[in-house]
Amino acid sequence: MNGDFRCVALCGGVGGAKLALGLSDLLPADALTVLVNTADDFEHLGLHVSPDIDTVLYTLGGLNDEVRGWGRRDETWNFLDSLTAVGGEAWFQLGDRDLALHVERTRRLRAGETLSAVVASFAKAFGIGATILPMSDDPVRTIVETEDGPLAFQHYFVRDRCAPKVTGFRFAGAAEAAPAPGVLEALAGADLIVVCPSNPFVSIGPLLAVPALHAALEARTAPVIAVSPIVGGDAIKGPTAKMMDELGMPRSAEAV
């Protein structure tokens with residue numbers, strides 16, 4: 001591998017972050033760009049929460065909780081306990097350490113900074129050498145179509161624990177969204193593009209729904225390797241297999 005080699009990883013949350021971590025261990029810091037889904041971002045308790053971005057930051061920064069499988073290690077829950085005690089909306093678990101990231105991100109966004117600038121600052125603070133880019137600085141939001149009606153992604157995924165039967169997906173704002181600064185340049189300069197084993201519908205699908213990003217992938221000259229989250233007919237983690245069943249798709253890498 002020569003010193004000019006460049007790899008771009010398309011990534012969602014936990015599963016994608018694990019492969020991104022492996023790539024970061026193998027490649028020089030300046031050789032890896034991780035392009036992360038932001039369509040599961042949402043506002044909760046007045047805060048801008050970026051679950052996939054934060055999972056990648058915590059994982060590559062060595063701060064993730066490997067026992068629980070999500071969030072920061074050595075987490076405490078004083079805020080959530082106090083919120084629950086006064087009848088607050090506590091279905092989305094915000095730990096005390098995690099909360100600091102959401103508060104600071106929200107402050108900076110409201111002050112006029114872009115999401116990509118905030119993410120770069122957090123990555124530097126966590127000592128991450130790889131470049132982490134949100135797919136867009138523009139808001140894109142995943143809507144899960146279900147037999148019971150449309151649901152915002154976090155309501156489907158966290159609050160309702162993926163119980164409703166899925167009938168489809170749409171990505172509000174994707175058609176108008178522009179790739180974040182550096183995204184198109186990273187794809188154009190890549191020697192290899194890796195699609196991480198993230199959920200194909202709600203982690204990789206939103207990236208492909210951004211028109212200029214999709215066009216850049218179609219125009220690429222670099223090879224693309226997709227790592228399937230379906231192994232042996234089942235999902236390694238998460239609701240991918242359930243979604244495939246409900247959409248009438250076979251549980252296979254080929255279907256992914």
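The values are calculated or read from the model by the stated rules, or taken from the named source; none is laboratory data. Since we're looking at a predicted model, the values are computed, not measured. Here the Cβ positions follow ideal geometry from the backbone for every residue, glycine too, while neighbour counts run over all protein chains shown. Keep in mind that these areas ignore ligands, DNA and RNA; they rest on the heavy atoms of the full protein, side chains included. Shrake-Rupley method; radii C 1.70, N 1.55, O 1.52, S 1.80 Å.
Pairs are defined by a Cβ separation below 6 Å, a sequence spacing of at least 6 or placement on different chains, a first member in the range 207-219 that is small (Gly, Ala, Ser), and a second member that is part of a helix (DSSP H, G or I); the pairs so defined are ALA209/ALA174; ALA216/LEU184; ALA216/LEU187. Each residue in the range 133-145 was checked for being open to solvent by 10 Å² or more (accessible area, probe 1.4 Å) and not in a loop (DSSP other than H, G, I, E, B), and 4 pass. Just one of the listed residues (LEU101, LEU35, LEU80, LEU109) is open to solvent by less than 60 Å² (accessible area, probe 1.4 Å), in a strand (DSSP E or B) and not charged (D, E, K, R), and it is LEU35.
Among the residues of the range 196-220, write down those that are among the aliphatic types (A, V, I, L, M) and either in a helix (DSSP H, G or I) or surrounded by 20 or more Cβ atoms within 10 Å (Cβ to Cβ) (or both). Of everything in the range 196-220, those that are among the aliphatic types (A, V, I, L, M) and either in a helix (DSSP H, G or I) or surrounded by 20 or more Cβ atoms within 10 Å (Cβ to Cβ) (or both) turn out to be VAL202, ILE204, LEU207, LEU208, ALA209, VAL210, ALA212, LEU213, ALA215, ALA216, LEU217. The residues of the range 164-184 that are within 16 Å of the chain's Cα centre (by Cα), within 25 Å of LEU151 (Cα to Cα) and part of a helix (DSSP H, G or I) amount to a single one, ALA174. Of the residues making up the range 8-29, at least one is open to solvent by 50 Å² or more (accessible area, probe 1.4 Å) and small (Gly, Ala, Ser). Taking residues in the range 228-239 that are within 17 Å of GLY69 (Cβ to Cβ), and partners anywhere that are open to solvent by 80 Å² or more (accessible area, probe 1.4 Å) and of a type in the set (A, V, I, L, M), the pairs with Cβ atoms closer than 9 Å and at least 6 places apart or on different chains are PRO229/ILE236. Going through (1) touching a strand residue (DSSP E or B) at 6+ places or on another chain (Cβ under 9 Å); (2) in contact (Cβ under 8 Å) with a residue 60 or more places away in the chain one by one, LEU151 falls short only on (2).
Considering the range 83-98, the residues that are more than 18 Å from VAL49 (Cα to Cα) and in a loop (DSSP other than H, G, I, E, B) include one that is nearest to the chain's Cα centre (by Cα), namely GLY87.
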